[in-house]
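Student: This is the structure I have questions about; it appears just below.
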Amino acid sequence: MARIIEKIKKTWEAITYPDGVDKAYDKICDEAFEKVIDRFINFCYLLFYIFASISIYFFITRELL
C-alpha cells in the first residue's frame, strides 16, 4: 500500500510541477508527451484504414457485384 501511495505522490508532483523551472525536465516531459500523442494518432489512423478497408470490401461485394 505504501508503494501505491508513493507512486501517487510522485505522479501528483509531476503533474503539478511548474513549467519553466527545470528546462531539462520540461524537455523530457514534452518529448514523452509528444511520443504518446504520436502513437495514439498512428493507432487511430490504423483503425481508420482497417474500417475503411472493410467498408470498401463490403460495398464492392454487396452493392456492386
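Every read-out reported here was derived from the displayed coordinates using simple, explicitly stated rules and does not represent laboratory data. Everything numeric in this text was worked out from a predicted model, so none of it was measured. Cβ atoms come from the backbone with ideal geometry, glycine included; neighbour counts cover every protein chain shown.
Student: Mind checking the angle between helix 23-58 and the chain's longest principal axis? C-alpha axes, 0 to 90 degrees, to the nearest 10.
Tutor: Compared with the principal axis, the helix lies near 10 degrees.
Student: Shifting gears a bit: Would you check the chain for Lys pairs whose C-alpha atoms are within less than 20 Å, ignoring same-chain pairs closer than 8 in sequence, and give me the count?
Tutor: Lysine pairs meeting both conditions in the chain amount to 4.
Student: Given that just one value was derived from the coordinates, which of (1) 130; (2) 198; (3) 106 is volume of the Cα convex hull per residue in Å³?
Tutor: Working out volume of the Cα convex hull per residue in Å³ from the coordinates points to (1).
Student: With axes computed from alpha carbons, what is the tilt in degrees of helix 2-16 against the longest principal axis of the chain, rounded to the nearest 10 within 0 to 90?
Tutor: 80
Student: Additional query: Once you put a point 7 Å from the Cα of Tyr17 and another 7 Å from the Cα of Phe48, both along the Cβ direction, what distance in nm separates them?
Tutor: 3.3
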